[in-house]
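Reviewing the structure listed below.
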Amino acid sequence: MPILETIGLEKRFGGILAAQNVNLAVEKGARHALIGPNGAGKTTVINLLTGVLKPTAGRIMLEGRDITDAAPHQRVRLGMARTFQINQLFLDLTPLESIGLVVSERLGTGADWWRVVGSKSVVTDEIVEVVERFRLTDVMHERAATLPYGKQRLLEIALAFACRPRVLLLDEPAAGVPEAERHELLATIEALPAEVTVLLIEHDMDLVFSFADRISVLVNGTLFVDGAPEDVARDPRVKAVYLGEELDA
Amino acid sequence: MLTILFDGVAYGMLLFVLACGLSVTLGLMNFINLAHGSFAMAGGYCTVILVNRLGVPFVLGVPLAFLVTALLGGLFERTLYVHVYARSHLDQVLFTIGLVFMSVAAVDYTMGSSQRFVQIPDALQGQFDVFGVGMGKYRLLIIAVCGLLTIALQLILAKTRFGSRLRAAVDDQRVARGLGINVGAVFGITFAVGSGLAGLGGALGAEILGLDPTFPLRYMIYFLIVVTVGGTSSIVGPFLASILLGIADVAGKYYVPTLGAFVIYAIMIVVLIWRPQGLFARATAR
Amino acid sequence: MDTTTATASQTPVLAADVAAYLKRRGRWSPLEIAFWIFAFASIWLFPDKYLILKDTAILALFALSLDLILGYAGIISLGQAAFFGVAGYFSGLVAKYGIIDEPIIALVCSGLVAAAFGFVTSFLVLRGSDLTRLMVTLGVSLMLGEIANRYANITGGADGLQGVDIAPILGRWNFDLYGHNGYVYCLIVLFVCFVIARRIVYSPFGLSLRAVKGNALRAAAIGIPVKWRLVAIYTIAAGFAGIAGGLLTQTTAFCSLDVFSLDRSADLLLVLIIGGTGYLYGGLIGAVIYKFLQDWLATLTPQYWQFWIGLVLVVIVLVGRERVEGWIAAARGSLVRLGGRAWTRIRPRSAALGGAIDGS
C-alpha cells in the first residue's frame with residue numbers, strides 16, 4: 001500500500017482547473033520526484049497534500065488514513081512535513097530556536113508555559129542532532145534573517161526534517177541556491193534517512209535523475225507520465241512536452 | 001412605524017454621506033482614517049459660525065461647509081497624511097487617533113464644550129403630514145440632498161473619466177499606475193472630496209446627531225461599522241449598509257430603549273463573523 | 001547517520017553547551033533585578049507620590065496585557081478596555097453586595113471572569129484582517145459601555161458605581177487615604193503577574209507565539225495549532241487586563257463608564273509605543289513615562305492635555321516607530337553595558353562564567 005496517495009484529486013479556482021484527476025501514489029521509502037513545466041500545478045498539488053488548499057474533489061490518504069479534511073498542523077502530527085519553494089522561515093528566531101520549536105512541538109511540550117525553553121535534555125539533544133546534520137552548527141545563534149541564502153535553504157529543510165516526518169515533501173529545494181552552496185545542500189538531501197519517504201518537486205534535472213527512483217510528470221494539472229527515471233527519460237511524449245522544450249530552449 | 005422608517009432612512013442617508021469618503025479612502029489606499037469624524041465636526045462648526053454668527057443663509061452655509069472642509073482635507077492630505085500611507089495599519093490608527101485627540105481638544109478650547117445648534121430657517125421647521133405619517137421637513141431635506149448626492153456620486157464614478165480612473169485605482173493600484181493614472185492626484189482629490197462630504201454631513205446633521213467637541217469620538221464607530229459592513233469596493237455597499245444601520249438604530253432605540261444602540265454593534269459583530277470582508281463586498285476585496 | 005567521528009565526539013559537549021545557553025536566557029539579568037529592587041524601594045523613597053505610583057502600576061499591568069498579544073502574538077487590539085471594564089465592574093459589584101469580601105479572592109475572580117470573557121470573544125478576533133480585528137475589538141468595548149450605561153440600576157450608569165466598600169486585605173491592611181497599602185498591594189500584584197508573564201514568554205509556548213507572529217503559515221506547517229495558541233494568549237492577556245481593572249476599582253472604591261472608553265484603549269497603545277513592544281518591560285517603562293508626562297502636561301494645561309497626547313502620537317508616527325524603538329533599544333543597550341560593567345565590578349567571579357545579560 002502506498003504511504004501517500006491521492007485519489008481523483010481536483011482543485012478549481014473559479015474557472016481554472018489547477019489540478020485535475022490527480023492519482024499520485026508514493027511508495028514507502030521512495031525517492032519520488034514530481035516534475036513538469038512551469039505552471040503545471042506542482043505547488044498546487046503540494047498545497048493540497050499539506051492542507052493549505054482544500055480540494056474541490058478527491059481524497060488524500062496518508063498511511064491508509066483519509067486526511068482530506070485534516071488541518072495543516074494535524075497533518076504534521078500524522079507524519080507529513082513540507083518545505084516551501086520560497087523560504088518560509090522565522091526570520092527573527094535563530095536556527096537553534098526555530099529547530100527547538102519544532103522539536104518541542106513534536107515531543108508534545110510545545111504548549112508548556114511554565115518551563116524555560118531548553119530545560120528538557122531530550123529536546124536539546126535532538127536539537128543538536130538536527131543542527132549538525134544540516135551543517136548549521138556555525139550559524140545556530142544567528143538570526144535567520146542574517147544567514148546566507150544557502151544556509152537559509154538548509155534551515156528550511158531542517159525545520160521540516162525536525163518534524164521527523166514519515167513523508168517529506170520538498171518544494172524545489174535547490175531553487176535560487178548559488179552554485180557554491182549547492183553541493184552542501186544536495187549532499188544533505190542525499191543523506192536523508194532511508195526510512196523517510198521523500199516527494200521532491202524540482203526543475204534541476206541533474207538532481208532529479210541522480211536522486212529519484214520514481215518520477216511523475218505533471219502537465220496542466222494532470223498526471224502525464226509516471227514511472228522509473230529511465231522510462232520517463234526515454235518517453236517521447238515527455239521529451240516533447242518538457243524535456244524536449246528544454247533542449248530546444 | 002412608518003415615521004420610524006422615515007426617520008431611519010433619513011438617518012441612514014446622512015450616515016452614508018458622512019461615511020462614503022471613509023469607504024473610498026479605505027478601499028483606495030487601504031488607509032484607516034479614524035480622524036474622518038473630525039472633518040465632519042469641522043463642517044458642523046463651520047456652519048455654526050457662518051450661519052449663527054455671521055448671518056450667512058442656511059442654504060449657503062451648508063455648501064460652504066463642504067468647500068471649507070474639502071480644502072482642509074486636501075491640505076491635511078498633502079502635508080500630513082501623505083507621509084503615513086506606506087505605514088502599517090497600526091501606525092495609521094495611532095496617527096489618526098492622535099489627530100482626533102488634537103481636533104477634539106482644539107475645538108473644545110476654541111468653541112467650548114457645550115452642544116451647538118445651527119439656526120435652521122423657519123421654512124424647514126415642523127413637519128408635513130402625509131397619509132398620517134409625520135415627515136419632518138428637515139429630515140425630508142436631508143433625504144433629498146443625500147439622495148441627490150448619492151446619485152451624483154454614482155454618476156461621477158460610472159460616467160466620468162475621473163470616475164473610471166478612481167475605480168481602476170481602487171481595483172489595483174499598481175496596474176493603474178502602470179497605465180499612467182496619477183494615483184497620487186486621484187487620491188488627493190478623492191480625499192478632499194470625501195472630507196468635504198463628511199463636512200457637509202456634519203453641517204446637515206448637526207441638528208440630528210448633536211454637535212459638540214466629542215462628535216468624532218462618538219460617531220467614529222458608526223462610520224467604521226458602515227464601512228466594514230458595506231465593504232469598500234463600491235458605493236452601493238456602504239449605501240445599503242447605512243440605510244440598514246440607520247433603520248436598525250432608530251428602530252432599536254424606539255422599540256427596545258434599554259438596548260437601543262447595542263443593536264448596531266451586535267449587527268456589526270454578526271456580520272464580521274459571517275462575512276469578514278463585509279456584506280456587500282466582492283470576495284476578492286482586501 | 002552521516003556525522004563523522006569528529007562531530008560525534010563533540011555532540012555531548014555541544015548539547016550541554018546548547019542546554020546551558022538556553023537556560024541562561026531565561027535567567028533574570030542584573031538590570032531586571034535592579035529595576036524591581038528600585039520599584040519596591042519606591043515604597044520608601046517616594047511616600048508622597050503613592051497615588052500616581054499606584055496608577056502607574058495599574059497602567060503598567062494593563063499595558064503588559066496588551067504587550068502579550070500585540071508584541072508577542074501580533075494581534076492589534078483596541079479592545080483590552082473591555083476586559084479591564086468587565087473585571088472593574090465585577091470586583092466593584094461583588095464588594096458592594098458583599099458577595100466576595102476578601103479583596104485578593106475578589107481580584108482573582110475578576111481576573112478569571114475577564115479571562116472567560118476573553119476566551120469567548122477570542123474567536124471573533126481570529127477572523128479577518130487587521131481592520132476587522134480593530135473594529136471587532138473596539139466594537140465589543142463600546143458595546144459593553146453601552147450595556148453598562150443602559151443597566152444603570154446595577155452599574156450606576158454615568159455616575160459610576162457608588163457605595164463600594166472594600167474590606168481590608170487579609171483582614172489586616174486597610175486601603176487608607178494616603179494610598180500606602182493600595183500602592184503596595186498593586187505593586188505586589190504587578191510583580192506576581194509579571195513573573196507569570198515572564199515565564200510564559202520564555203517558555204516553549206512563548207516561543208511558539210513569536211513564531212506565529214513571525215510566520216503563521218510556517219508555524220502551521222511545523223505542527224503548531226495556531227488558532228489555539230492565539231486563543232490561549234488572548235485569554236491570558238484578557239485575564240491580566242481584568243486584574244488591572246479590578247485593582248483600579250478596589251483601590252479607588254469606584255468604577256465608572258470610562259473604563260470602556262476609546263480613550264483608555266488609545267492611551268494604552270500610546271504607552272506601548274513609548275515603551276516598545278515585545279520585551280515585556282515596554283509596558284512598564286512606557287507606563288512610567290506616560291504617567292509622569294501626563295502629570296506634567298496636566299499642570300501646564302489642565303483641561304486640554306489630550307491635545308498634547310494626540311500631538312505626541314502624531315509626532316511619534318511621523319518620526320517613525322522603528323526609529324523611536326531604535327533609540328529606546330540603543331538606550332537600553334548602553335544601560336545594559338553600563339550595568340554589566342557595574343556588575344563585573346561587584347561580582348567578578350560570576351561575570352567570568354559568561355554574563356547572562358539579555359540583549360548583548
Query raised in the report: If you take the alpha carbon radius of gyration of the stretch C:1-139 and divide it by 2.2 N^0.38 Å, what ratio comes out, to two decimals?
Result: 1.58
Requested in this report: Report the relative contact order of chain B, percent, no decimals, based on alpha-carbon pairs under 8 angstrom and at least 6 residues apart.
Outcome: 37
Query raised in the report: So what's the Cα pair-distance distribution over the stretch A:4-248, bin width 10 Å, in %?
Result: 7, 30, 35, 21, 6, 1, 0
Query raised in the report: In whole Å, what is the distance between the alpha-carbon centres of the stretch A:124-183 and the stretch C:126-180?
Result: 50
Report summary line: Taking Cα atoms only, helix C:50-70 is inclined relative to the longest principal axis of chain C by an angle, in degrees rounded to 10, of 60
Requested in this report: Enumerate the amide H contacts of residue A:34 below 5 Å, restricted to partners 5 or more residues apart or on another chain; note that Pro and chain-start residues carry no placed amide H.
Outcome: A:200, A:201, A:202, A:216
Report summary line: Stokes-Einstein D for the stretch C:102-153 (25 °C, 0.890 mPa s, Kirkwood Rh from Cα pairs), in µm²/s, comes to 194
Requested in this report: Count neighbours as other Cβ atoms within 10 Å of each site's Cβ, and list the trypsin sites (Lys or Arg not before Pro) in the stretch A:99-135 that are DSSP loop with at most 10 such neighbours.
Outcome: none
Query raised in the report: When only C-alpha pairs under 8 Å and at least 6 residues apart count, what is the relative contact order of chain A, in percent?
Result: 27
Requested in this report: Would you pull out the residues with amide H under 5 Å of residue C:161's amide H, same chain only if 5 or more places away, H placed 1.01 Å from N?
Outcome: C:255, C:256
Query raised in the report: For the stretch B:130-230, which chymotrypsin sites (Phe, Trp or Tyr not before Pro) are in a loop by DSSP, counting at most 10 other Cβ atoms within 10 Å?
Result: B:131
Query - For chain C, built as a Gaussian network whose Cα springs stay under 10 Å, the top-fluctuating residue of C:232, C:220, C:287 - result: C:220
Query - Alpha carbon convex hull of the stretch B:169-214, volume per residue in cubic angstrom - result: 93
Query raised in the report: Can you list residues whose amide H is under 5 Å from residue A:57's amide H, if they're 5+ apart or on another chain and H is modeled 1.01 Å from N?
Result: A:10
Query raised in the report: Hey, got the Cα dimensions of the stretch A:1-125 along the principal axes, in Å, largest first?
Result: 50, 32, 27
Report task. Go through the stretch A:93-172 and name the chymotrypsin sites (Phe, Trp or Tyr not before Pro) that are in a DSSP coil and have 15 or fewer other Cβ atoms within 10 Å of their Cβ. Result -> A:114
**Report entry** Segment residue C:319-residue C:21, length gained on full extension (0.36 nm per residue, minus Cα span)
**Finding:** 103.6 nm
**Report entry** Exceeding the 21 Å Cα-Cα cut-off - candidates C:49/C:291; C:96/C:291; A:42/A:239
**Finding:** C:96/C:291
Requested in this report: Apply the Karplus parameterisation 6.51 cos²θ - 1.76 cosθ + 1.60, with θ equal to phi minus 60°, to every residue of the stretch C:271-282 and state each ³J(HN,Hα) to the nearest whole Hz, in sequence, with x for glycine and proline.
Outcome: 4, 6, 5, 5, x, x, 10, x, 9, 6, 7, x
Query - Per-residue ³J(HN,Hα) for the stretch C:102-111, Karplus 6.51 cos²θ - 1.76 cosθ + 1.60, θ = phi - 60°, Hz, x for Gly and Pro - result: 5, x, 5, 5, 4, 5, 4, 4, 4, x
Query raised in the report: What FRET efficiency comes out for the pair residue B:179/residue A:21, r = Cβ-Cβ distance, R0 = 45 Å, nearest 0.05?
Result: 0.70
Requested in this report: May I ask you to derive the relative contact order of the stretch B:10-117, considering only C-alpha pairs under 8 Å and at least 6 residues apart, and to give it as an integer percent?
Outcome: 33
Query raised in the report: Going from the alpha-carbon gyration tensor of the stretch B:2-213, what semi-axes, largest first and in whole Å, does one get by taking the root of 5 times each eigenvalue?
Result: 31, 22, 14
Report summary line: Footprinting proxy, C:44, C:36, C:308, C:28: sorted fewest to most Cβ within 10 Å, the residues are C:44, C:28, C:36, C:308
Report summary line: For the stretch A:225-239, in residue order, the Karplus 3J(HN,Hα) values (coefficients 6.51, -1.76, 1.60; θ = phi - 60°; whole Hz; Gly and Pro = x) are 9, 8, x, 5, x, 4, 5, 5, 5, 8, 4, x, 5, 5, 4
Query raised in the report: In units of 2.2 N^0.38 Å, what is the alpha-carbon radius of gyration of the protein assembly as shown?
Result: 1.07
Query raised in the report: What helices does chain A hold that run 15 Å or longer along their axis, going by alpha-carbon atoms, with a Kyte-Doolittle average of -1.0 or more, using DSSP H for the helix calls?
Result: A:95-106, A:121-133, A:149-161, A:179-190
Requested in this report: May I ask you to work out the translational diffusion coefficient for chain C at 4 °C, viscosity 1.567 mPa s, via Stokes-Einstein with Rh from the Kirkwood sum over Cα pairs, reported in whole µm²/s?
Outcome: 59
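Given Cβ point charges of +1 (Lys, Arg) and -1 (Asp, Glu) and nothing else, what value in debye, to the nearest 20, does the dipole of the stretch A:87-196 about its Cα centre take?
The calculated dipole for the stretch A:87-196 is roughly 220 debye.
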**Report entry** Diffusion constant of the stretch B:40-127 at 37 °C, which comes from Stokes-Einstein with the Kirkwood Cα-pair radius and 0.692 mPa s, µm²/s
**Finding:** 220
Query raised in the report: Considering only DSSP beta bridges whose two residues both sit in the stretch A:4-248, what percent are antiparallel, to the nearest 5?
Result: 55
Query raised in the report: Given a Förster distance of 30 angstrom, what is the FRET efficiency for residue A:206 paired with residue A:28, based on the Cβ-Cβ distance and rounded to 0.05?
Result: 0.70
Query raised in the report: Mind listing the Cα extents of the stretch C:237-285 along all three principal axes, in Å, largest one first?
Result: 32, 19, 17
Query raised in the report: Could you state the number of Å between the C-alpha centres of the stretch C:225-292 and the stretch A:36-59?
Result: 43
Report summary line: Under the 7 Å Cα-to-Cβ spin-label approximation, residue C:191 and residue A:187 lie apart by a distance in nanometres of 5.5
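Arrange the following residues from fewest to most other Cβ atoms within 10 Å of their Cβ: C:334, B:233, C:42, C:141.
Lowest to highest Cβ neighbour count: C:334, C:42, B:233, C:141.
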Requested in this report: Measure nothing but the geometry: give the 0 to 90° angle between the long axis through the Cα atoms of B:36-47 and the longest principal axis through the Cα atoms of chain B, rounded to 10°.
Outcome: 50
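Pairwise over distinct Cα atoms, reciprocal of the mean inverse distance: report the Kirkwood radius of the stretch B:100-220 in Å, one decimal place.
The answer is 17.5 Å.
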Requested in this report: List B:39, B:117, B:58 from most exposed to least, where exposure is judged by having the fewest other Cβ atoms within 10 Å.
Outcome: B:117, B:58, B:39
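Each value in this text was obtained by applying a stated rule to the coordinates, not by laboratory testing. No experiment lies behind these values; they were computed from the predicted model shown. We place every Cβ from the backbone using ideal geometry, glycine too, and count neighbours over all the protein chains shown.
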